[in-house]
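**Student:** Structure in structure tokens, see below.
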Amino acid sequence: MKIEEAINKYLEYVIKELNYSKETLKNYKMDLDSYGDFLKKHRIEYLKVTKEEIMSYLKYLDSLKYSNKTISRHLSSLRSFYNYLVEIKLLKTNIYKRIRNPKVEKKLPNYLNIIEIEEVLESIKEDTKEDIRNKCLFEILYSTGIRVSEASNIKLKDIDRASLTIRIFGKGSKERIAYYGKVAERLLNKYLDVRSEFLIKGNSDYLFINNIGGRLSRSSMEYIINKIIDKSSINHKISPHVLRHSFATHLLDNGADLRSVQELLGHENMNTTEIYTHVSNERLKAAYLKYHPNKKRQ
């Protein structure tokens, strides 16, 4: 079987069996196509690739000025691909399990403090149906910590207004429950009162909809949040994902345990969540250095 055919079969498997997101599928295809092109150019047989040849490919990626994080993603894609080749009996072992990822420097996620969150929220008017929808979207993202892509896929039936919870389908369609508070409840109720005004024709099962009644896409949501932030008094660059970072940081700052935050964020790996403990630790260190009278005692 040629590598192109093997890649196509693997991507079909990813879609049908693993139910991965379109974004993950896109990354897999891009990474595997790059790998296939490299092997063909250097006349390397994908089923007989050696560790030395793999290291040569990694050096090639490095020569393209790819970050260690991007190279790690390529390795993850290849590790999964070769797991599949073992599963369908084309290989006995996965050589990529012997290849270590390059060290990735953990960057502390950007976040807003609670005063900044309130300032941005107060800057959003409630004069039009669009204002009300956008303000509700901003608060839901912060209150629940869900991803923008997850917010885009919320359906009306997923919301339990009695218990203030939303059923969320995350990466790989894994289900979890998100919680929201009284501020989000007020804005959600107000938005639901005007939501029908967006439905020019037909109906929609989705919570957040656009001006012609269709589902509000991830890119549209990101555009809305960016516009909100641009109009606010916040003077440092942030992205919609910062609301998720703020959610996690504020939970930990107020005493939540790491395992609970992991569950609420929908992280599979605890290592992904642990980055937020660094944020809290950095804040504690900054507070200590600023307020403890050590300098006066020298």
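The values are calculated or read from the model by the stated rules, or taken from the named source; none is laboratory data. From a predicted model like this one, the values you see are computed outputs, not experimental measurements. When we count neighbours, we look across all protein chains shown, and the Cβ atoms used for this are built from the backbone with ideal geometry, even at glycine.
**Student:** Looking only at segment 67-80, decide whether some residue is in contact with a His (Cβ under 7 Å, 6 or more places away or on another chain), over 24 Å from Met1 (Cα atoms), part of a helix (DSSP H, G or I) and at pLDDT below 95.
**Tutor:** No, that holds for no residue.
**Student:** Is it true that some residue in segment 253-264 is farther than 23 Å from Val148 by Cβ, assigned to a helix (DSSP H, G or I), among the aliphatic types (A, V, I, L, M) and modelled with pLDDT under 70?
**Tutor:** Checking segment 253-264: not a single residue is farther than 23 Å from Val148 by Cβ, assigned to a helix (DSSP H, G or I), among the aliphatic types (A, V, I, L, M) and modelled with pLDDT under 70.
**Student:** Kindly provide the set of residues from segment 269-298 that are within 30 Å of Ser173 (Cα to Cα) and either modelled with pLDDT of 80 or more or of a type in the set (A, V, I, L, M) (or both), ordered by number.
**Tutor:** Within segment 269-298, Met270, Ile275, Val279 meet the criteria.
**Student:** Name, by its number, the condition in (1) small (Gly, Ala, Ser); (2) outside any helix (DSSP H, G or I); (3) more than 22 Å from the chain's Cα centre (by Cα) that does not hold for Ser196.
**Tutor:** So Ser196 meets the others, but not (2).
**Student:** Identify all residues within segment 196-219 that are surrounded by 12 or more Cβ atoms within 10 Å (Cβ to Cβ) and either hydrophobic (A, V, I, L, M, F, W, C) or at pLDDT 95 or above (or both); write none if there are none.
**Tutor:** Applying the first criterion (surrounded by 12 or more Cβ atoms within 10 Å (Cβ to Cβ)) to segment 196-219 yields 197-199, 204, 206-211, 213-218.
Matches in segment 196-219: Phe198, Leu199, Tyr206, Leu207, Phe208, Ile209, Leu216.
**Student:** Can you name the condition, by its number, that Ile15 falls short on among (1) of a type in the set (Val, Ile, Thr); (2) within 29 Å of the chain's Cα centre (by Cα); (3) crowded, with 17+ Cβ neighbours inside 10 Å?
**Tutor:** (3)
**Student:** Which of the residues belonging to segment 20-54 are part of a loop (DSSP other than H, G, I, E, B), without any contact (Cβ under 8 Å) to a residue 60 or more places away in the chain and either in contact with a Leu (Cβ under 6 Å, 6 or more places away or on another chain) or surrounded by 17 or more Cβ atoms within 10 Å (Cβ to Cβ) (or both)?
**Tutor:** Ile44, Val49
**Student:** If you scan segment 66-87, which residues turn out to be of a type in the set (A, V, I, L, M, F, W, C) and free of Cβ contacts under 8 Å to residues at least 12 places away in the same chain? Reasoning before the result, please.
**Tutor:** In the first step, residues of segment 66-87 are kept if they are of a type in the set (A, V, I, L, M, F, W, C); the result is 71, 75, 78, 81, 85-86.
Val86 - this is the single residue of segment 66-87 that is of a type in the set (A, V, I, L, M, F, W, C) and free of Cβ contacts under 8 Å to residues at least 12 places away in the same chain.
**Student:** Now for a separate question. Among Glu150, Glu130, which is the only one that is at pLDDT 90 or above, crowded, with 20+ Cβ neighbours inside 10 Å, farther than 25 Å from Ile7 by Cβ and not aliphatic (A, V, I, L, M)? Step through it out loud before you land on a result.
**Tutor:** Numbers: Glu130 fails: crowded, with 20+ Cβ neighbours inside 10 Å.
Answer to the check: Glu150.
**Student:** Consider segment 220-248. How many of its residues are among the acidic types (Asp, Glu) and at pLDDT below 90?
**Tutor:** To start, the set of residues in segment 220-248 that are among the acidic types (Asp, Glu) comprises 222, 230.
Okay, now just the ones that are also at pLDDT below 90, so 230.
Adding up the residues that qualify gives 1.
**Student:** Being free of Cβ contacts under 8 Å to residues at least 60 places away in the same chain, under 19 Å from Ser217 (Cβ atoms) and surrounded by fewer than 18 Cβ atoms within 10 Å (Cβ to Cβ): is that true of Leu156 here?
**Tutor:** So Leu156 passes the test.
Table: residues versus (1) of a type in the set (Phe, Trp, Tyr); (2) closer than 19 Å to Glu52 by Cα; (3) touching a strand residue (DSSP E or B) at 6+ places or on another chain (Cβ under 7 Å).
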{"position": "Ser67", "(1), (2), (3)": "no, no, no"}
{"position": "Leu75", "(1), (2), (3)": "no, yes, no"}
{"position": "Asn101", "(1), (2), (3)": "no, yes, no"}
{"position": "Tyr111", "(1), (2), (3)": "yes, no, no"}
{"position": "Val120", "(1), (2), (3)": "no, no, no"}
{"position": "Asp127", "(1), (2), (3)": "no, no, no"}
{"position": "Asp131", "(1), (2), (3)": "no, no, no"}
{"position": "Ile146", "(1), (2), (3)": "no, no, yes"}
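**Student:** Okay, moving on. In the same structural domain as Ile88 (by TED's automatic domain parsing), in contact with a Phe, Trp or Tyr (Cβ under 7 Å, 6 or more places away or on another chain), crowded, with 16+ Cβ neighbours inside 10 Å and at pLDDT below 95, is that true of Tyr10? Steps first, answer last, please.
**Tutor:** On the way: in the same structural domain as Ile88 (by TED's automatic domain parsing): yes; in contact with a Phe, Trp or Tyr (Cβ under 7 Å, 6 or more places away or on another chain): yes; crowded, with 16+ Cβ neighbours inside 10 Å: yes; at pLDDT below 95: yes.
It is true that Tyr10 is in the same structural domain as Ile88 (by TED's automatic domain parsing), in contact with a Phe, Trp or Tyr (Cβ under 7 Å, 6 or more places away or on another chain), crowded, with 16+ Cβ neighbours inside 10 Å and at pLDDT below 95.
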